[in-house]
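The values are calculated or read from the model by the stated rules, or taken from the named source; none is laboratory data. This one's a predicted model, so the numbers in the text were calculated from it and none came from an experiment. Backbone-built Cβ (ideal geometry, glycine too); neighbour counts: all protein chains shown. Surface areas here come from the heavy atoms of the whole protein model, side chains and all, with no ligands, DNA or RNA. Shrake-Rupley method; radii C 1.70, N 1.55, O 1.52, S 1.80 Å.
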Amino acid sequence: MIRKLITFIIIYFSFILQCSVFNHISLGGIVPNILIIVTATFGFMRGQNTGMAVGFISGLMADVFFGSPFGFITLLYTVIGYLNGFFKNIFYPEDIKLPMVLITGSELVFCVLYYVLKFLLRGRLNIGYYFVHIMLPEIVYTVVATLPLYGLIVWINEKLELYERRNS
């Protein structure tokens with residue numbers, strides 16, 4: 001029960017960080033996607049079910065507060081959490097390469113699917129402009145933000161695992 005509560009608190013504070021703090025330090029109107037970092041990290045750290053649950057809650061918060069069509073971002077985050085869960089067996093907390101690659105890939109998948117479903121289907125075909133001015137800066141900014149946030153999430157997870165082992 002404590003793990004679920006702390007996971008929700010992490011999601012909530014990540015959402016607050018993304019909406020407030022990082023909006024003030026945006027680069028050209030681009031902010032890092034903190035919720036992707038949290039969703040992907042919980043996916044490959046705890047497995048598919050946890051990744052989906054974290055993705056669902058993160059996406060639901062984004063859908064409700066960002067005013068997009070309801071369920072659109074929820075679906076994207078849920079799928080990203082599920083896909084990252086496949087890498088649980090090869091995840092080692094001390095190795096930063098796999099998380100960086102997975103979070104970069106998750107952000108790329110999110111950006112491409114977001115473009116296809118929000119812009120391409122409405123006849124906006126300038127993917128080159130979108131890639132150079134929106135996708136690429138957001139991916140880079142998200143990867144830079146991953147370094148401190150990933151370490152914090154892994155540290156919290158290790159403390160929770162220690163607590164669970166002691167109390168079981």
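Tabulated values for the structure
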| read-out | value |
| --- | --- |
| Gap separating the Cα centres of the stretch 88-132 and the stretch 31-67, nearest whole Å | 14 Å |
| Extension gain from Phe119 to Val64, taking 0.36 nm per residue of separation minus the Cα-Cα distance | 17.8 nm |
| Residue-wise HN-Hα coupling along the stretch 143-150, computed from phi with Karplus coefficients 6.51, -1.76, 1.60 (Hz; x: Gly, Pro) | 5, 5, 6, 5, 3, x, 5, 4 |
| Helix 48-66 axis, angle to the chain major axis (alpha carbon atoms, nearest 10°) | 50 degrees |
| Pairwise label distance in nanometres, Leu160 with Leu5, each label 7 Å out on the Cα-Cβ vector | 1.3 nm |
| Per residue solvent-accessible surface (Å²) - the chain, probe of 1.4 Å | 55 Å² |
| Surface share of carbon and sulfur [accessible, 1.4 angstrom probe, percent] for the stretch 19-168 | 69 percent |
| Local net charge near Ala145, Cβ-Cβ under 15 Å (Lys/Arg +1, Asp/Glu -1) | -2 |
| Cross-link reach list, lysines versus Lys88, counting only Cα pairs under 25 Å and skipping chain neighbours closer than eight places | Lys4, Lys97, Lys159 |
